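Asker: Got a structure here, written out as structure tokens. Questions coming.
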Amino acid sequence: MVAAGVIAILAALLALAFHGPSDRRAIVISATLALIVQVASYAIARVAVSRPKRPIIIAWAAGMILRFAAVVAYAMLATYVWSLPPVPALLSFVVFLFVSTLLEPWLLHSQ
């Protein structure tokens, strides 16, 4: 899966900037959750692309709402419940979602 490879490369790059063990833990958790959110969002878009009478923009909007809700929920969970360092956790999560979102149109039209 292309998104998993891109997220892994980005995680390695972010690990160079954040050195602490809790920072790296936050990056790994962010990468895992971002991949789950991205796969769910891609599945929504893929279904819309496979049905010609359904507008793709509605599926992309649903994916954006899903990503936004995931960022808000992750911000609350990461900082208040899991006690992760907020800067590496949220920065990495948003970077993973942003870059994988940029790849989504290419992935949808390449299949």
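Asker: Can you order the peptides 60-66, 83-89 by their average number of other Cβ atoms within 10 Å per residue, highest first?
Answerer: 83-89, 60-66
Asker: While we're here: Evaluate E = 1/(1 + (r/R0)^6) for LEU16 and LEU77, where r is the Cβ-Cβ distance and R0 equals 25 Å; express this FRET efficiency to the nearest 0.05.
Answerer: The calculated FRET efficiency here is 0.50.
Asker: Related question: Whole angstrom only: what separates the Cα centroid of the stretch 82-108 from the Cα centroid of the stretch 1-51?
Answerer: One Cα centre to the other: 6 Å.
Asker: Within the chain, which complete DSSP H helices have Cα atoms spanning at least 15 Å along the helix axis and a mean Kyte-Doolittle hydropathy of 1.6 or higher?
Answerer: Length and hydropathy pass: 2-17, 56-76.
Asker: Let me ask something else. Can you compute the FRET efficiency between VAL28 and ILE56 using 1/(1 + (r/R0)^6), with r the Cβ-Cβ distance and R0 = 30 Å? Round to the nearest 0.05.
Answerer: 0.40
Asker: Provide the descending list of Cα extents for the chain along its principal axes, expressed in whole angstroms.
Answerer: For the chain, the Cα spread along each principal axis is 49, 26, 14 Å.
Readers should treat all values here as calculations from the given coordinates under stated rules, not as data from a laboratory. As the structure is a prediction and not an experimental result, all values here were calculated from the model. So basically every Cβ, Gly included, is an ideal-geometry build from the backbone, and we count neighbours across all protein chains shown.
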